[in-house]
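Written out below as C-alpha coordinates is the structure these notes cover.
The values are calculated or read from the model by the stated rules, or taken from the named source; none is laboratory data. The structure displayed is predicted, hence computed values, not measured ones. In this analysis, Cβ positions are derived from the backbone assuming ideal geometry, glycine residues included, and neighbour counts consider all displayed protein chains.
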(Lines give C-alpha, C1' and ligand atoms only; values in the text may rest on other atoms or scores of the structure.)
Protein backbone atom coordinates (compact mmCIF):
# COMPACT_ATOMS: atom_id res chain seq x y z
CA UNK A 1 0.00 0.00 0.00
CA UNK A 2 1.00 3.63 0.26
CA UNK A 3 4.23 4.76 1.84
CA UNK A 4 4.38 8.43 2.82
CA UNK A 5 8.01 9.46 2.73
CA UNK A 6 7.27 13.18 2.80
CA UNK A 7 4.76 13.23 5.64
CA UNK A 8 6.04 13.73 9.16
CA UNK A 9 3.68 12.56 11.85
CA UNK A 10 4.29 14.00 15.34
CA UNK A 11 5.50 11.36 17.76
CA UNK A 12 2.62 10.24 19.90
CA UNK A 13 0.06 11.72 17.54
CA UNK A 14 -1.55 8.56 16.26
CA UNK A 15 -4.68 7.67 14.34
CA UNK A 16 -8.06 9.14 15.16
CA UNK A 17 -10.28 7.37 17.60
CA UNK A 18 -13.78 7.86 16.28
CA UNK A 19 -15.60 7.11 19.51
CA UNK A 20 -15.39 10.71 20.73
CA UNK A 21 -17.34 13.82 19.92
CA UNK A 22 -15.20 15.09 17.10
CA UNK A 23 -16.06 17.62 14.45
CA UNK A 24 -18.38 16.66 11.63
CA UNK A 25 -18.39 17.71 8.01
CA UNK A 26 -20.21 20.96 7.51
CA UNK A 27 -20.67 20.26 3.80
CA UNK A 28 -21.61 17.13 1.91
CA UNK A 29 -19.01 15.89 -0.55
CA UNK A 30 -21.66 16.30 -3.24
CA UNK A 31 -20.79 20.00 -3.38
CA UNK A 32 -17.61 19.14 -5.28
CA UNK A 33 -17.07 21.11 -8.48
CA UNK A 34 -16.69 19.55 -11.90
CA UNK A 35 -13.73 17.15 -11.81
CA UNK A 36 -12.91 17.25 -15.52
CA UNK A 37 -12.18 20.22 -17.78
CA UNK A 38 -15.34 21.01 -19.69
CA UNK A 39 -17.49 18.64 -17.64
CA UNK A 40 -20.56 20.26 -16.09
CA UNK A 41 -21.41 19.77 -12.45
CA UNK A 42 -24.49 17.85 -13.53
CA UNK A 43 -22.39 15.47 -15.61
CA UNK A 44 -19.93 15.02 -12.74
CA UNK A 45 -22.76 14.30 -10.32
CA UNK A 46 -24.22 11.72 -12.70
CA UNK A 47 -20.86 10.01 -13.18
CA UNK A 48 -20.13 9.97 -9.44
CA UNK A 49 -23.66 9.05 -8.30
CA UNK A 50 -23.24 5.30 -7.75
CA UNK A 51 -19.97 5.77 -5.85
CA UNK A 52 -21.37 8.51 -3.61
CA UNK A 53 -24.35 6.33 -2.74
CA UNK A 54 -22.32 3.15 -2.20
CA UNK A 55 -20.41 4.33 0.91
CA UNK A 56 -18.77 0.96 1.64
CA UNK A 57 -16.31 -1.02 -0.46
CA UNK A 58 -13.81 -3.87 -0.18
CA UNK A 59 -10.11 -3.32 -0.82
CA UNK A 60 -8.14 -6.46 -1.75
CA UNK A 61 -4.34 -6.54 -1.60
CA UNK A 62 -3.14 -9.78 -3.13
CA UNK A 63 -0.02 -10.84 -4.94
CA UNK A 64 3.24 -12.74 -4.67
CA UNK A 65 3.89 -11.16 -1.25
CA UNK A 66 1.20 -13.44 0.21
CA UNK A 67 3.62 -16.37 -0.24
CA UNK A 68 6.38 -15.21 2.15
CA UNK A 69 3.62 -13.64 4.29
CA UNK A 70 6.03 -11.38 6.19
CA UNK A 71 8.96 -13.77 6.47
CA UNK A 72 12.02 -14.18 4.23
CA UNK A 73 14.58 -16.96 4.61
CA UNK A 74 13.46 -17.58 8.17
CA UNK A 75 13.68 -13.91 9.12
CA UNK A 76 10.62 -11.85 10.04
CA UNK A 77 10.54 -8.69 7.96
CA UNK A 78 9.05 -5.68 9.80
CA UNK A 79 6.38 -3.51 8.24
CA UNK A 80 3.40 -4.13 6.02
CA UNK A 81 3.27 -7.42 4.14
CA UNK A 82 3.04 -6.17 0.55
CA UNK A 83 6.23 -4.13 1.01
CA UNK A 84 8.36 -7.17 1.93
CA UNK A 85 10.46 -6.85 -1.23
CA UNK A 86 11.46 -3.31 -0.26
CA UNK A 87 11.57 -3.67 3.53
CA UNK A 88 13.43 -6.96 3.30
CA UNK A 89 15.94 -5.59 0.74
CA UNK A 90 15.15 -8.52 -1.56
CA UNK A 91 16.69 -8.25 -5.05
CA UNK A 92 14.42 -8.69 -8.06
CA UNK A 93 16.25 -11.86 -9.09
CA UNK A 94 15.41 -13.44 -5.72
CA UNK A 95 11.85 -12.14 -5.41
CA UNK A 96 10.61 -12.73 -8.97
CA UNK A 97 10.88 -16.57 -8.76
CA UNK A 98 7.94 -16.47 -6.33
CA UNK A 99 5.88 -16.33 -9.54
CA UNK A 100 6.60 -20.06 -10.02
CA UNK A 101 5.06 -20.76 -6.60
CA UNK A 102 1.88 -18.74 -7.10
CA UNK A 103 -0.87 -21.35 -7.29
CA UNK A 104 -3.90 -20.19 -5.24
CA UNK A 105 -5.97 -23.34 -5.76
CA UNK A 106 -8.60 -22.26 -3.21
CA UNK A 107 -9.37 -18.98 -5.00
CA UNK A 108 -13.10 -18.74 -5.68
CA UNK A 109 -14.28 -15.50 -7.25
CA UNK A 110 -17.93 -16.21 -6.44
CA UNK A 111 -17.07 -16.77 -2.78
CA UNK A 112 -15.01 -13.57 -2.54
CA UNK A 113 -17.72 -11.44 -4.14
CA UNK A 114 -20.32 -13.13 -1.95
CA UNK A 115 -18.37 -12.20 1.18
CA UNK A 116 -18.30 -8.56 0.06
CA UNK A 117 -21.97 -8.55 -0.87
CA UNK A 118 -23.10 -10.09 2.44
CA UNK A 119 -21.01 -7.47 4.23
CA UNK A 120 -23.05 -4.74 2.54
CA UNK A 121 -20.14 -3.62 0.37
CA UNK A 122 -21.09 -2.17 -3.00
CA UNK A 123 -17.75 -2.24 -4.80
CA UNK A 124 -14.44 -4.11 -4.83
CA UNK A 125 -11.04 -2.56 -5.53
CA UNK A 126 -8.32 -5.16 -6.15
CA UNK A 127 -4.60 -4.88 -6.88
CA UNK A 128 -4.28 -5.65 -10.57
CA UNK A 129 -0.58 -4.84 -10.04
CA UNK A 130 1.15 -3.69 -6.86
CA UNK A 131 4.58 -2.09 -6.48
CA UNK A 132 6.35 -5.44 -6.99
CA UNK A 133 5.19 -5.41 -10.62
CA UNK A 134 3.47 -8.80 -10.66
CA UNK A 135 0.16 -8.70 -12.57
CA UNK A 136 -2.92 -10.64 -11.51
CA UNK A 137 -4.32 -10.39 -15.04
CA UNK A 138 -3.44 -11.77 -18.46
CA UNK A 139 -1.14 -9.09 -19.86
CA UNK A 140 0.28 -9.36 -23.37
CA UNK A 141 2.96 -6.84 -22.41
CA UNK A 142 4.81 -8.94 -19.83
CA UNK A 143 5.42 -12.54 -18.83
CA UNK A 144 5.51 -11.46 -15.20
CA UNK A 145 1.83 -12.14 -14.68
CA UNK A 146 -0.55 -14.79 -13.39
CA UNK A 147 -0.52 -16.65 -16.71
CA UNK A 148 3.18 -17.32 -16.20
CA UNK A 149 2.47 -18.82 -12.77
CA UNK A 150 1.30 -22.40 -12.15
CA UNK A 151 -2.25 -21.06 -11.63
CA UNK A 152 -2.59 -19.87 -15.23
CA UNK A 153 -6.03 -18.31 -14.72
CA UNK A 154 -6.90 -14.66 -15.28
CA UNK A 155 -7.94 -13.70 -11.75
CA UNK A 156 -9.15 -10.27 -12.81
CA UNK A 157 -11.40 -11.80 -15.49
CA UNK A 158 -13.00 -14.20 -13.01
CA UNK A 159 -13.55 -11.45 -10.43
CA UNK A 160 -14.89 -8.96 -12.98
CA UNK A 161 -17.34 -11.50 -14.38
CA UNK A 162 -18.54 -12.46 -10.92
CA UNK A 163 -18.94 -8.84 -9.82
CA UNK A 164 -20.98 -8.06 -12.92
CA UNK A 165 -23.09 -11.14 -12.17
CA UNK A 166 -23.70 -10.29 -8.50
CA UNK A 167 -24.25 -6.55 -9.00
CA UNK A 168 -21.02 -5.34 -7.42
CA UNK A 169 -18.86 -2.68 -9.07
CA UNK A 170 -15.43 -4.06 -10.00
CA UNK A 171 -12.56 -1.58 -9.68
CA UNK A 172 -8.82 -1.79 -10.26
CA UNK A 173 -5.95 -0.67 -8.06
CA UNK A 174 -2.84 -0.15 -10.20
CA UNK A 175 0.60 0.97 -9.08
CA UNK A 176 2.40 3.67 -11.02
CA UNK A 177 5.61 2.65 -9.32
CA UNK A 178 7.12 -0.71 -10.40
CA UNK A 179 10.09 -2.42 -8.73
CA UNK A 180 10.28 -5.16 -11.37
CA UNK A 181 10.49 -3.18 -14.59
CA UNK A 182 14.07 -1.91 -15.12
CA UNK A 183 12.80 1.10 -17.11
CA UNK A 184 10.56 2.26 -14.25
CA UNK A 185 13.23 4.51 -12.80
CA UNK A 186 15.67 7.05 -14.08
CA UNK A 187 16.13 8.21 -17.66
CA UNK A 188 14.27 5.28 -19.21
CA UNK A 189 11.01 6.14 -17.43
CA UNK A 190 9.25 7.39 -20.61
CA UNK A 191 9.61 3.87 -22.03
CA UNK A 192 8.06 2.42 -18.88
CA UNK A 193 5.27 5.01 -19.03
CA UNK A 194 4.28 3.58 -22.42
CA UNK A 195 4.21 0.12 -20.83
CA UNK A 196 2.02 1.49 -18.02
CA UNK A 197 -0.45 3.00 -20.48
CA UNK A 198 -0.52 -0.23 -22.46
CA UNK A 199 -1.42 -2.31 -19.42
CA UNK A 200 -4.13 0.15 -18.38
CA UNK A 201 -5.58 -0.13 -21.88
CA UNK A 202 -5.75 -3.90 -21.38
CA UNK A 203 -7.50 -3.45 -18.04
CA UNK A 204 -10.05 -1.04 -19.51
CA UNK A 205 -10.85 -2.96 -22.69
CA UNK A 206 -10.84 -6.66 -21.73
CA UNK A 207 -12.99 -6.76 -18.59
CA UNK A 208 -16.18 -4.84 -19.26
CA UNK A 209 -17.26 -1.76 -17.34
CA UNK A 210 -14.84 -0.73 -14.59
CA UNK A 211 -16.05 1.49 -11.76
CA UNK A 212 -12.85 3.02 -10.40
CA UNK A 213 -9.17 3.14 -11.30
CA UNK A 214 -7.38 3.51 -7.97
CA UNK A 215 -3.77 4.61 -8.48
CA UNK A 216 -0.87 4.48 -6.03
CA UNK A 217 2.90 4.96 -6.09
CA UNK A 218 2.65 8.42 -7.63
CA UNK A 219 5.19 9.87 -5.21
CA UNK A 220 8.22 8.70 -7.18
CA UNK A 221 10.32 11.51 -8.63
CA UNK A 222 9.93 10.35 -12.22
CA UNK A 223 6.14 10.87 -12.13
CA UNK A 224 4.83 14.39 -12.73
CA UNK A 225 1.53 16.22 -12.48
CA UNK A 226 1.55 16.64 -16.26
CA UNK A 227 1.96 12.90 -16.79
CA UNK A 228 -0.97 12.34 -14.43
CA UNK A 229 -3.22 14.63 -16.44
CA UNK A 230 -2.18 13.00 -19.71
CA UNK A 231 -2.83 9.53 -18.30
CA UNK A 232 -6.20 10.61 -16.97
CA UNK A 233 -7.25 11.76 -20.44
CA UNK A 234 -6.05 8.49 -21.98
CA UNK A 235 -8.01 6.24 -19.64
CA UNK A 236 -11.16 8.39 -19.74
CA UNK A 237 -11.14 8.13 -23.54
CA UNK A 238 -11.39 4.37 -23.03
CA UNK A 239 -14.15 4.50 -20.39
CA UNK A 240 -15.70 7.98 -20.08
CA UNK A 241 -17.73 7.10 -16.96
CA UNK A 242 -14.64 5.94 -15.09
CA UNK A 243 -13.97 7.35 -11.60
CA UNK A 244 -10.30 8.03 -10.77
CA UNK A 245 -8.66 8.71 -7.42
CA UNK A 246 -6.38 11.68 -6.76
CA UNK A 247 -3.19 9.60 -6.66
CA UNK A 248 -2.99 9.71 -10.43
CA UNK A 249 -1.42 13.14 -9.86
CA UNK A 250 0.99 14.70 -7.41
CA UNK A 251 -1.37 17.08 -5.63
CA UNK A 252 -4.03 16.29 -3.03
CA UNK A 253 -7.03 17.54 -4.97
CA UNK A 254 -6.13 17.46 -8.64
CA UNK A 255 -6.39 15.66 -10.96
CA UNK A 256 -8.79 12.82 -10.17
CA UNK A 257 -12.26 12.66 -8.66
CA UNK A 258 -11.75 11.91 -4.97
CA UNK A 259 -9.27 12.18 -2.13
CA UNK A 260 -7.76 9.15 -0.41
CA UNK A 261 -6.89 9.60 3.27
CA UNK A 262 -5.15 6.40 4.37
CA UNK A 263 -5.54 4.74 7.76
CA UNK A 264 -7.20 7.90 9.09
CA UNK A 265 -10.53 9.69 9.25
CA UNK A 266 -10.29 13.44 8.56
CA UNK A 267 -11.64 15.34 11.54
CA UNK A 268 -14.22 17.30 9.55
CA UNK A 269 -14.17 15.26 6.37
CA UNK A 270 -13.02 17.03 3.21
CA UNK A 271 -15.78 19.60 2.64
CA UNK A 272 -16.37 20.42 -1.01
CA UNK A 273 -14.52 17.31 -2.18
CA UNK A 274 -15.39 13.65 -2.57
CA UNK A 275 -13.18 11.40 -0.41
CA UNK A 276 -12.69 7.85 0.72
CA UNK A 277 -10.83 6.52 3.76
CA UNK A 278 -8.93 3.31 3.02
CA UNK A 279 -8.02 1.23 6.04
CA UNK A 280 -6.68 -2.17 7.03
CA UNK A 281 -8.63 -4.60 9.20
CA UNK A 282 -5.45 -5.49 11.08
CA UNK A 283 -2.05 -3.78 10.66
CA UNK A 284 -1.15 -4.87 7.13
CA UNK A 285 -2.61 -4.66 3.64
CA UNK A 286 -1.06 -7.78 2.11
CA UNK A 287 -1.33 -11.04 4.07
CA UNK A 288 1.12 -11.40 6.94
CA UNK A 289 0.82 -14.62 8.90
CA UNK A 290 1.82 -13.19 12.29
CA UNK A 291 -0.46 -10.12 12.21
CA UNK A 292 -3.42 -10.91 14.46
CA UNK A 293 -4.19 -7.36 15.61
CA UNK A 294 -7.73 -7.35 14.25
CA UNK A 295 -10.06 -4.41 14.67
CA UNK A 296 -13.25 -5.32 16.50
CA UNK A 297 -16.64 -5.39 14.82
CA UNK A 298 -17.69 -2.48 17.05
CA UNK A 299 -14.71 -0.45 15.86
CA UNK A 300 -15.36 -1.17 12.18
CA UNK A 301 -19.06 -0.30 12.34
CA UNK A 302 -18.41 2.93 14.22
CA UNK A 303 -15.64 3.88 11.82
CA UNK A 304 -18.02 3.31 8.91
CA UNK A 305 -20.64 5.53 10.55
CA UNK A 306 -18.07 8.18 11.47
CA UNK A 307 -16.77 8.33 7.89
CA UNK A 308 -20.22 8.48 6.30
CA UNK A 309 -21.32 11.15 8.80
CA UNK A 310 -18.46 13.30 7.46
CA UNK A 311 -19.40 12.80 3.81
CA UNK A 312 -16.92 10.04 2.92
CA UNK A 313 -16.72 6.44 1.74
CA UNK A 314 -15.04 3.56 3.60
CA UNK A 315 -12.76 1.19 1.67
CA UNK A 316 -11.93 -1.65 4.06
CA UNK A 317 -9.11 -4.05 3.20
CA UNK A 318 -8.72 -7.81 3.22
CA UNK A 319 -5.44 -9.59 2.47
CA UNK A 320 -6.02 -13.12 1.12
CA UNK A 321 -3.55 -15.94 1.75
CA UNK A 322 -1.30 -17.46 -0.91
CA UNK A 323 -3.91 -20.21 -1.33
CA UNK A 324 -6.56 -17.64 -2.21
CA UNK A 325 -8.47 -17.61 1.08
CA UNK A 326 -9.73 -14.46 2.80
CA UNK A 327 -8.67 -14.88 6.47
CA UNK A 328 -11.46 -16.08 8.72
CA UNK A 329 -11.22 -13.14 11.19
CA UNK A 330 -11.93 -10.82 8.24
CA UNK A 331 -14.84 -12.97 7.08
CA UNK A 332 -16.38 -13.04 10.56
CA UNK A 333 -16.15 -9.29 11.03
CA UNK A 334 -17.51 -8.53 7.59
CA UNK A 335 -20.47 -10.84 8.21
CA UNK A 336 -21.24 -9.00 11.46
CA UNK A 337 -21.05 -5.62 9.72
CA UNK A 338 -23.42 -6.99 7.07
CA UNK A 339 -25.96 -8.01 9.70
CA UNK A 340 -25.85 -4.51 11.18
CA UNK A 341 -26.34 -3.00 7.71
CA UNK A 342 -29.31 -5.29 7.01
CA UNK A 343 -31.11 -3.40 9.79
CA UNK A 344 -29.50 0.02 9.49
CA UNK A 345 -28.43 0.32 5.86
CA UNK A 346 -31.01 3.03 5.22
CA UNK A 347 -28.96 5.30 7.48
CA UNK A 348 -25.76 4.69 5.48
CA UNK A 349 -26.37 4.20 1.75
CA UNK A 350 -27.14 7.35 -0.20
CA UNK A 351 -26.88 9.60 2.83
CA UNK A 352 -25.23 12.98 3.27
CA UNK A 353 -22.95 14.36 5.97
CA UNK A 354 -24.12 15.45 9.39
CA UNK A 355 -25.45 19.01 9.79
CA UNK A 356 -24.16 19.03 13.39
CA UNK A 357 -20.63 20.11 14.27
CA UNK A 358 -20.49 17.69 17.20
CA UNK A 359 -22.70 15.25 19.06
CA UNK A 360 -21.54 13.98 22.44
CA UNK A 361 -23.34 10.64 22.13
CA UNK A 362 -22.62 9.63 18.53
CA UNK A 363 -23.01 10.69 14.90
CA UNK A 364 -25.66 11.78 12.39
CA UNK A 365 -26.34 11.12 8.71
CA UNK A 366 -29.14 12.56 6.61
CA UNK A 367 -31.45 12.21 3.63
CA UNK A 368 -34.06 14.75 2.47
CA UNK A 369 -36.58 15.09 5.27
CA UNK A 370 -34.77 12.65 7.58
CA UNK A 371 -31.99 12.76 10.13
CA UNK A 372 -30.46 9.47 11.28
CA UNK A 373 -29.12 9.75 14.82
CA UNK A 374 -26.45 7.10 15.43
CA UNK A 375 -26.30 6.63 19.20
CA UNK A 376 -23.03 5.08 20.36
CA UNK A 377 -23.53 6.00 24.03
CA UNK A 378 -27.09 5.07 25.06
CA UNK A 379 -28.34 7.55 27.71
CA UNK A 380 -28.85 5.91 31.09
CA UNK A 381 -31.52 8.43 32.09
CA UNK A 382 -33.77 7.51 29.14
CA UNK A 383 -33.61 10.92 27.43
CA UNK A 384 -31.51 11.78 24.37
CA UNK A 385 -30.73 15.49 24.00
CA UNK A 386 -30.32 16.82 20.45
CA UNK A 387 -29.05 20.36 20.81
CA UNK A 388 -29.29 23.11 18.21
CA UNK A 389 -31.93 21.60 15.88
CA UNK A 390 -34.42 24.26 14.79
CA UNK A 391 -36.70 22.09 12.62
CA UNK A 392 -40.15 20.84 13.48
CA UNK A 393 -40.12 17.06 14.00
CA UNK A 394 -43.03 15.12 12.55
CA UNK A 395 -42.00 11.76 13.96
CA UNK A 396 -39.15 9.98 15.72
CA UNK A 397 -38.68 6.21 15.78
CA UNK A 398 -36.06 3.49 16.09
CA UNK A 399 -34.83 2.25 12.72
CA UNK A 400 -34.64 -1.28 14.16
CA UNK A 401 -38.35 -1.16 15.06
CA UNK A 402 -40.27 -2.86 12.23
CA UNK A 403 -43.48 -1.17 13.43
CA UNK A 404 -41.79 2.24 13.55
CA UNK A 405 -43.61 3.13 16.75
CA UNK A 406 -43.33 6.83 17.52
CA UNK A 407 -40.98 7.95 20.26
CA UNK A 408 -42.00 10.80 22.53
CA UNK A 409 -40.32 14.08 21.56
CA UNK A 410 -40.25 17.27 23.62
CA UNK A 411 -38.78 20.61 22.54
CA UNK A 412 -37.05 23.12 24.81
CA UNK A 413 -35.44 26.47 24.03
CA UNK A 414 -32.14 25.05 22.81
CA UNK A 415 -32.62 21.31 22.46
CA UNK A 416 -34.85 18.41 21.53
CA UNK A 417 -35.42 15.63 24.03
CA UNK A 418 -36.30 12.13 22.82
CA UNK A 419 -37.58 9.55 25.32
CA UNK A 420 -35.89 6.21 24.71
CA UNK A 421 -36.31 2.64 25.92
CA UNK A 422 -34.11 1.64 28.84
CA UNK A 423 -32.07 -0.76 26.69
CA UNK A 424 -30.38 0.06 23.40
CA UNK A 425 -31.59 -2.03 20.46
CA UNK A 426 -27.95 -2.40 19.37
CA UNK A 427 -25.01 -2.00 21.78
CA UNK A 428 -22.72 -0.83 18.96
CA UNK A 429 -24.92 1.76 17.28
CA UNK A 430 -28.68 2.21 17.62
CA UNK A 431 -30.23 4.47 14.99
CA UNK A 432 -33.08 6.89 15.65
CA UNK A 433 -34.87 8.42 12.67
CA UNK A 434 -36.14 11.98 12.88
CA UNK A 435 -38.61 12.97 10.18
CA UNK A 436 -38.26 16.75 9.93
CA UNK A 437 -39.81 19.66 8.07
CA UNK A 438 -37.53 21.25 5.47
CA UNK A 439 -33.76 21.33 5.22
CA UNK A 440 -31.86 20.80 8.49
CA UNK A 441 -31.62 24.04 10.45
CA UNK A 442 -28.86 23.56 12.98
CA UNK A 443 -27.27 26.10 15.28
CA UNK A 444 -24.25 24.72 17.05
CA UNK A 445 -24.86 24.97 20.81
CA UNK A 446 -22.64 27.33 22.74
CA UNK A 447 -20.42 26.35 25.65
CA UNK A 448 -22.04 28.45 28.36
CA UNK A 449 -20.37 30.15 31.29
CA UNK A 450 -21.88 29.03 34.59
CA UNK A 451 -22.65 31.70 37.20
CA UNK A 452 -19.79 33.92 36.13
CA UNK A 453 -17.19 31.19 36.69
CA UNK A 454 -14.23 30.26 34.51
CA UNK A 455 -15.09 28.80 31.10
CA UNK A 456 -13.09 25.85 29.78
CA UNK A 457 -12.91 25.31 26.03
CA UNK A 458 -11.72 21.72 25.73
CA UNK A 459 -10.22 20.17 22.62
CA UNK A 460 -13.02 17.60 22.44
CA UNK A 461 -15.59 20.41 22.00
CA UNK A 462 -13.76 22.26 19.23
CA UNK A 463 -14.87 22.56 15.63
CA UNK A 464 -11.82 21.81 13.49
CA UNK A 465 -11.11 23.20 10.05
CA UNK A 466 -8.61 21.63 7.67
CA UNK A 467 -7.58 18.25 6.38
CA UNK A 468 -5.47 16.98 9.28
CA UNK A 469 -6.11 18.68 12.63
CA UNK A 470 -8.35 16.54 14.83
CA UNK A 471 -9.25 15.54 18.36
CA UNK A 472 -7.47 12.46 19.69
CA UNK A 473 -7.58 10.59 22.98
CA UNK A 474 -5.91 7.70 24.78
CA UNK A 475 -2.25 6.84 25.45
CA UNK A 476 -1.68 10.16 27.20
CA UNK A 477 -3.47 12.17 24.51
CA UNK A 478 -6.53 14.33 25.14
CA UNK A 479 -6.06 17.16 22.70
CA UNK A 480 -6.21 18.57 19.20
CA UNK A 481 -3.37 16.86 17.36
CA UNK A 482 -2.14 16.22 13.83
CA UNK A 483 -1.78 19.99 13.54
CA UNK A 484 0.79 19.56 10.79
CA UNK A 485 -0.45 22.34 8.52
CA UNK A 486 -0.48 26.03 9.51
CA UNK A 487 -3.61 26.37 7.37
CA UNK A 488 -5.62 24.17 9.77
CA UNK A 489 -7.38 25.81 12.70
CA UNK A 490 -10.06 25.35 15.37
CA UNK A 491 -12.80 27.34 17.05
CA UNK A 492 -15.42 27.17 19.80
CA UNK A 493 -18.83 28.81 20.15
CA UNK A 494 -19.28 30.14 23.69
CA UNK A 495 -21.76 32.20 25.68
CA UNK A 496 -20.60 34.67 28.32
CA UNK A 497 -23.26 35.25 30.99
CA UNK A 498 -21.30 37.72 33.14
CA UNK A 499 -19.26 40.30 31.18
CA UNK A 500 -15.83 41.40 32.29
CA UNK A 501 -12.12 40.88 31.88
CA UNK A 502 -10.86 37.33 31.43
CA UNK A 503 -7.36 35.89 31.65
CA UNK A 504 -6.64 33.44 28.86
CA UNK A 505 -4.78 30.25 29.78
CA UNK A 506 -3.59 27.76 27.17
CA UNK A 507 -2.68 24.14 27.92
CA UNK A 508 -0.63 22.32 25.29
CA UNK A 509 2.21 19.87 24.65
CA UNK A 510 5.09 20.00 22.19
CA UNK A 511 8.49 18.26 22.12
CA UNK A 512 11.43 20.61 22.32
CA UNK A 513 12.59 19.87 18.76
CA UNK A 514 9.25 21.06 17.35
CA UNK A 515 8.82 24.16 19.51
CA UNK A 516 8.70 27.67 18.12
CA UNK A 517 5.51 27.86 16.08
CA UNK A 518 3.53 31.06 16.57
CA UNK A 519 -0.23 31.16 17.00
CA UNK A 520 -2.99 33.65 17.67
CA UNK A 521 -6.24 33.45 19.66
CA UNK A 522 -9.04 35.77 18.56
CA UNK A 523 -12.32 36.50 20.35
CA UNK A 524 -14.63 39.53 20.38
CA UNK A 525 -12.26 41.51 18.16
CA UNK A 526 -9.22 40.97 20.41
CA UNK A 527 -6.14 39.05 19.29
CA UNK A 528 -3.65 37.44 21.66
CA UNK A 529 -0.41 36.10 20.16
CA UNK A 530 1.59 33.21 21.55
CA UNK A 531 4.70 31.19 20.78
CA UNK A 532 4.80 27.46 21.48
CA UNK A 533 7.43 26.45 24.02
CA UNK A 534 8.91 22.97 24.32
CA UNK A 535 7.28 20.79 26.99
CA UNK A 536 9.37 17.65 26.50
CA UNK A 537 6.98 15.50 24.45
CA UNK A 538 3.66 15.41 22.61
CA UNK A 539 1.96 14.10 25.77
CA UNK A 540 3.64 16.28 28.42
CA UNK A 541 1.31 19.24 28.88
CA UNK A 542 1.94 22.66 30.38
CA UNK A 543 -0.31 25.66 31.02
CA UNK A 544 0.72 29.22 30.28
CA UNK A 545 -1.05 32.56 30.58
CA UNK A 546 -1.40 34.42 27.31
CA UNK A 547 -2.99 37.72 28.41
CA UNK A 548 -6.42 39.21 29.10
CA UNK A 549 -9.50 40.01 27.02
CA UNK A 550 -12.66 41.98 27.71
CA UNK A 551 -15.77 40.01 26.82
CA UNK A 552 -19.43 41.14 26.69
CA UNK A 553 -22.38 39.05 27.80
CA UNK A 554 -23.05 37.53 24.41
CA UNK A 555 -22.69 34.51 22.15
CA UNK A 556 -19.12 34.59 20.79
CA UNK A 557 -16.71 32.56 18.71
CA UNK A 558 -13.13 32.01 19.86
CA UNK A 559 -10.62 30.79 17.27
CA UNK A 560 -7.04 29.59 17.46
CA UNK A 561 -4.89 29.73 14.33
CA UNK A 562 -1.23 29.12 13.53
CA UNK A 563 0.89 31.90 12.06
CA UNK A 564 3.58 29.47 10.98
CA UNK A 565 4.90 25.93 11.45
CA UNK A 566 8.41 25.37 12.81
CA UNK A 567 8.58 21.66 13.62
CA UNK A 568 6.54 18.55 12.90
CA UNK A 569 3.37 20.04 14.34
CA UNK A 570 2.17 23.35 15.79
CA UNK A 571 1.28 21.80 19.16
CA UNK A 572 -1.07 19.33 20.82
CA UNK A 573 -3.69 21.74 22.19
CA UNK A 574 -5.64 20.42 25.16
CA UNK A 575 -7.71 23.41 26.33
CA UNK A 576 -8.17 27.15 26.53
CA UNK A 577 -9.53 28.54 29.81
CA UNK A 578 -11.16 31.96 30.16
CA UNK A 579 -10.77 32.89 33.83
CA UNK A 580 -12.59 36.00 35.18
CA UNK A 581 -10.25 38.60 36.62
CA UNK A 582 -11.50 39.97 39.96
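Is there a residue being surrounded by 18 or more Cβ atoms within 10 Å (Cβ to Cβ), in a loop (DSSP other than H, G, I, E, B) and assigned by TED's automatic domain parsing to the domain that holds residue 276 anywhere in segment 195-208? Yes: one or more hits.
Against the condition out of contact with any helix residue (DSSP H, G or I) (no Cβ under 6 Å at 6 or more places or on another chain) and either buried (at least 22 other Cβ atoms within 10 Å of the Cβ) or at pLDDT below 95 (or both), how does residue 309 come out, does it pass? So residue 309 passes the test.
Candidates 416, 457: the one that is outside the structural domain of residue 366 (by TED's automatic domain parsing) and either modelled with pLDDT under 95 or in a strand (DSSP E or B) (or both) is 457. Please verify whether residue 396 is at pLDDT 95 or above, in a loop (DSSP other than H, G, I, E, B), over 30 Å from residue 286 (Cα atoms) and not assigned by TED's automatic domain parsing to the domain that holds residue 285, treating the condition exactly as stated. No: the conditions fail for residue 396. Helices (runs of 4 or more DSSP H) fully within segment 78-184 that include at least 3 residues being assigned by TED's automatic domain parsing to the domain that holds residue 289 and surrounded by 16 or more Cβ atoms within 10 Å (Cβ to Cβ): 84-87, 109-118, 155-166.
Looking at 550, 498, which is the one that is more than 28 Å from the chain's Cα centre (by Cα), loosely packed, with under 14 Cβ neighbours inside 10 Å and modelled with pLDDT under 95?
Answer to the check: 498.
Only strands (runs of 3 or more DSSP E) whose full extent lies in segment 483-582 are considered here, and the ones with at least 3 residues that are free of Cβ contacts under 8 Å to residues at least 40 places away in the same chain, touching a strand residue (DSSP E or B) at 6+ places or on another chain (Cβ under 9 Å) and in the same structural domain as residue 455 (by TED's automatic domain parsing) are 526-531, 541-551. Restricting attention to segment 463-484, the residues being over 18 Å from the mean Cα position of the chain (by Cα) and modelled with pLDDT of 90 or more number 1. Scanning segment 518-543 for residues that are closer than 17 Å to residue 501 by Cβ and more than 30 Å from the chain's Cα centre (by Cα) turns up 522, 523, 524, 525, 526, 527, 528.
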